[in-house]
There are 2 protein chains.
Amino acid sequence: MPSESEIISKVRRGARRTDGVVVGIGDDAAVVRAGSGNDLIACCDLMVEGVHFRREWATPKLIGRKALAVTLSDVAAMGAVARFAMISVALPRDCSSEFVDGLFEGIFEMADSYDVSIVGGDTSSSRDSLFIDTTVIGECETGRAITRAGAGIGDVIYVTGDLGASALGLKLLGQGVRLGDCEPASSDESVENMRREALMKHLAPLPGLGLARAIGERRLASAMIDISDGLSTDLSHILDESGVGAVIQAGAIPIARSVESHSAGESNLDSLELALHGGEEYELLFTSRPECGARVDELSRELGVRLSSIGQIVAEEGLHLDCDGSRRLIQPAGYEHRI
Amino acid sequence: MPSESEIISKVRRGARRTDGVVVGIGDDAAVVRAGSGNDLIACCDLMVEGVHFRREWATPKLIGRKALAVTLSDVAAMGAVARFAMISVALPRDCSSEFVDGLFEGIFEMADSYDVSIVGGDTSSSRDSLFIDTTVIGECETGRAITRAGAGIGDVIYVTGDLGASALGLKLLGQGVRLGDCEPASSDESVENMRREALMKHLAPLPGLGLARAIGERRLASAMIDISDGLSTDLSHILDESGVGAVIQAGAIPIARSVESHSAGESNLDSLELALHGGEEYELLFTSRPECGARVDELSRELGVRLSSIGQIVAEEGLHLDCDGSRRLIQPAGYEHRI
C-alpha cells in the first residue's frame, strides 16, 4: 500500500473545493462555513470488508462510490443538502496504489456528482480488512430537518423507486455472479440485463439527495428515512420514533422488475419477502399528510420518479401487512450485515 | 459482541445532550446548531488495533478515552471549541459486552470532560481488528481558526508541556511493562512513578482544548499544530504550509522528567531523540510574533502551564537544530504508526 503521506497528498490534490471551504485537507482540521443560521446535519457510515462488502465483488471505484453514497443517503433522508465530507480509510498492506487510486476516484466522483467537498479524513494501515468510514456534513433551514419522529395517524406512507433488487444483487454475488458476467444485452429484459440491474442496485446505489430535498422544500413529508436495513425495519424505526403503527398493502409495494423476473424463473425466491426485508436499497421511505397526496403526485410527475403509496399510519401499534384482505402483524426482519 | 441495536441503544441512553443538539443519536443523521455565523471545524481520527494500539496494553476505558482525545486535540490545534462528536466502531466478534461498555464509558467520560455531545456514529462487526474512527465538529469565530500556514519570519516557536514521554511509554509497552506493574509509589521520582508517567502520557493523553482556546482568544499564535507525529515532523508541517524555515535550540526543548530519569539508567536511550521525534504527545506547538512574548509568559503563569520557547522561524528553508552552538539540518523523522 502507498504511504499515508502519499495518500494524503493525492487526496489533497484531487479534492475539489466548493463554496464554504475555508481550510480543506492539509491542516489539523477542516474549516467550513454553512449558511448563516442554518441547522447542521452530521452523520457517518462505516463499510467494513467481509461484513458489508468483498473486494472481489466490485471494482475499487465502485467500492469508493458506495462508501460515500450510503452516507449521502442519510443526509438525503433528513431533507438536507450535503456539503462536506471526510473519509477515513484503513488499508490492508496488500492494497496496491492502483486500488487506492480507484477507491478515491470513486469517492471523488460521488462527491462531485452532488457538489460535496472532501475536506478531511484519516488514513492508516490495517492488519487485515479494509475499513472505510465516511462522514458527511450537510445543512438545512433551521428546524426543517425531517426526522423519523413526525409520522401522524392517517398519514400516507410512500416509498421511492422500487425494492428488492439490492438484496437480489447480494444473493447473486454470493452465488458467484459478477458484473463482468452480465454485459448489457440487446433485449432489455434479458437475464443478463436483469442480473446487471440487481448487481448495480447493490454495488452502485445512488443517494436520493435531489428528490429528498424537493420533498423537504415542498414540506411533503412528516417523517422520512432511507431504506438501508429493509422496508420492514426502517418503517418500524419511523413507527417507534413516532409512537404509531402502520398498515401496508402487500400489493402496493413496488417490486423491482429484476426481482419479478428472477423469481419467475426460481420458485424458491419470494419477491415480496425480498422487497419487504431486503436492505441497502437507499430508496426513501416517507410519510405524508393525506391532504398532500395531489402534491406528491405532482412531484412524481415533475421529477419523473416513481413514488408509491404503500399504506397508512394507524394508532394501533406494530407493522401490519394487508395481503389480499387478510391482515397480519409482521416483525421487522431487517438486514443483517453478515455477508 | 453485543448486537448493533444493543450498542446503539446503550450509546443513545448514555449520550448527554448539550446545547445545540436538536436531534441526537437515533435518526438518519444528527441535527446540531453552532453559534450564528461561526466557522465550523471538522476532523476525524482513526485508531486501528495492531497499528495504533493493542487491546492488551490498556483497559477498554482508556482505549475509548484516547480515541476521542486525539481528535479533540486536532480541534484544539485550530484554537476552536469542540462541540459534537460521532463515533464509528467496528468490533471483532470476541469483544464482550463488558469491553464495549468500558470503551464507551471512556468515550463518554472524555466527551463530558470537554462538554462535547456524542450525536451519532456507526457500529459494525469486524472480522478481526478493532477499528475506531472519531469525528469531532467544533466552532470558532469567523476567520479565527489557527492554521499551520501563518508562521512568519522572526516568530518565536513555543511548545506546551514536555516531550518524549509518550514515545518512552510506547517503548515500555513494547517491552512488556504494563500500567498494573507501576503502582504509585511513595517516592515521587521512583522508577515505578516515572514509568507510570510515561505509560499514562501514551495511553491517556489529554487534549489541550482550554489552553489552545486561550491562545486563540488572546491571538497569541500565528500558526498552531498538535504534536501527534513528533516535534520534527509537526514543526515541518508548519514550515511547509507557511513557506518558511526554523532554527530550534536543542537545549530549550522541554524533555519529560520520566524520559530524563529513564535515560539516566539506560545508556542507549537518547532523550533528545525521543523528544524531537517521538509522536503522540498531543502537546501544542505554535508560533508567535516576537512582540507577544510577555503575553505568552503571562498566559503560562495564569494557567500554570509550561510554555517553552524552543526556537525561531527563519527565512532559510528546512528545520535546523542548534546544539551547543553547532547547527545542523534535521529531517522530520516522524512517528510511524507501526507498533
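The values are calculated or read from the model by the stated rules, or taken from the named source; none is laboratory data. Since we're looking at a predicted model, the values are computed, not measured. Counting neighbours? That spans all protein chains shown, and the Cβs are built from the backbone with ideal geometry, glycine included. All accessible areas refer to the heavy atoms of the entire protein, side chains included, with ligands and DNA or RNA removed. Shrake-Rupley method; radii C 1.70, N 1.55, O 1.52, S 1.80 Å.
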In whole Hz, what ³J(HN,Hα) sequence does the stretch A:133-144 give by Karplus (6.51, -1.76, 1.60; θ = phi - 60°), x for Gly and Pro? 10, 10, 10, 10, 10, x, 8, 8, 4, 3, x, 9
On the formula 1/(1 + (r/R0)^6), with r taken between the Cβ atoms of A:Arg13 and A:Arg93 and R0 of 22 Å, the FRET efficiency rounded to 0.05 is 0.40
Can you tell me the Rg and Dmax of the stretch B:93-198, counting just the alpha carbons, in angstroms? 19.8, 55
Keeping all protein chains in place, calculate the accessible area per residue for the stretch A:1-127 (probe 1.4 angstrom), answer in Å². 32 Å²
Give A:Lys10/B:Lys171; A:Lys61/A:Lys171; A:Lys66/A:Lys171; A:Lys61/B:Lys61; B:Lys61/B:Lys171; A:Lys66/B:Lys66 a once-over and call out the pairs whose C-alpha atoms are over 28 Å from each other. A:Lys10/B:Lys171; A:Lys61/B:Lys61; A:Lys66/B:Lys66
Quick calc: nm separation of the 7 Å Cα→Cβ label points for A:Ala294 and B:Leu269 -> 8.1 nm
Distance (nanometres) between label positions extended 7 Å along Cα→Cβ at B:Arg54 and A:Glu192: 5.4 nm
Mind checking the angle between helix A:97-113 and chain A's longest principal axis? C-alpha axes, 0 to 90 degrees, to the nearest 10. 50 degrees
Based solely on C-alpha atoms, express the radius of gyration and the Dmax of the stretch B:198-309 in angstrom. 14.7, 44
Tilt, helix B:191-203 to longest principal axis of chain B (alpha-carbon atoms), in degrees rounded to tens, equals 70 degrees
Which cross-chain or sequence-distant (5 or more) residues have an amide H under 5 Å from the amide H of A:Ser126, H modelled 1.01 Å from N in plane? A:Leu91, A:Arg93
Please state the shape class of the stretch A:35-115: rounded when a/c is under 1.5, otherwise prolate if a/b exceeds b/c and oblate if not, all from the C-alpha gyration tensor. prolate
For the stretch B:36-100, with all protein chains present and a 1.4 Å probe, just round the carbon and sulfur fraction of the accessible area to a whole percent. 49 percent
Build a GNM of chain B with springs between Cα atoms under 10 Å: which of B:Asp297, B:Asp19, B:Asp28 gets the top mean-square fluctuation? B:Asp28
Unit charges at the beta carbon, dipole of the protein assembly as shown: most positive-side option, A:Met47, A:Val314, A:Ser73: A:Val314
Which of these, A:Gly14, A:Gly210, A:Gly143, has the largest mean-square fluctuation under a Gaussian network model of chain A (Cα springs below 10 Å)? A:Gly143
Could you order B:Leu329, A:Leu272 by accessible surface area, starting with the largest, using a probe radius of 1.4 Å? B:Leu329, A:Leu272
What percent does the relative contact order of chain B come to when contacts are Cα pairs within less than 8 Å and at least six residues apart? 22 percent
Specify the angular offset, from 0 to 90 degrees and rounded to the nearest 10, of the alpha carbon long axis of helix B:4-14 from the longest principal axis of the alpha carbons in chain B. 70 degrees
Can you figure out the FRET efficiency of A:Glu6 with A:Ala252, using R₀ = 51 Å and their beta-carbon distance, to the nearest 0.05? 0.45
B:Leu211 accessible area, assembled protein chains, probe 1.4 Å, Å²: 30 Å²
Could you tell me which of B:Trp57, A:Ile146, B:Leu172 has its Cα farthest along the dipole of the protein assembly as shown towards the positive end, charges placed at Cβ (Lys, Arg +1; Asp, Glu -1), taken about the Cα centre? A:Ile146
Could you tell me how far the Cα centroid of the stretch B:80-144 sits from the Cα centroid of the stretch B:38-75, in Å? 8 Å
Cα gyration tensor of chain B, axes a ≥ b ≥ c as square roots of the eigenvalues: rounded (a/c below 1.5), prolate (a/b > b/c) or oblate? oblate
What total accessible surface area, summed over both chains, is buried at the interface between chains B and A, computed with a 1.4 Å probe and given in Å² to the nearest 100? 4700 Å²
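Hey, got the dipole for the protein assembly as shown? About the Cα centre, +1 on K and R Cβ, -1 on D and E Cβ, debye to the nearest 20? Write down the numbers at each step before the final one.
On the way: 64 positive and 104 negative charges, 105 e Å.
I would put it at about 500 debye.
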Give me the dipole magnitude in Debye, nearest 20, for chain B about the Cα centre, with unit charges on the beta carbon: positive for Lys and Arg, negative for Asp and Glu. 480 debye
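Using only alpha carbon pairs under 8 Å that are at least six residues apart, calculate the relative contact order of the stretch A:1-116 and give it in whole percent.
This gives 33 percent for the stretch A:1-116.
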Tell me, what % of the accessible area of the stretch B:276-339 is carbon and sulfur with a 1.4 angstrom probe? 44 percent
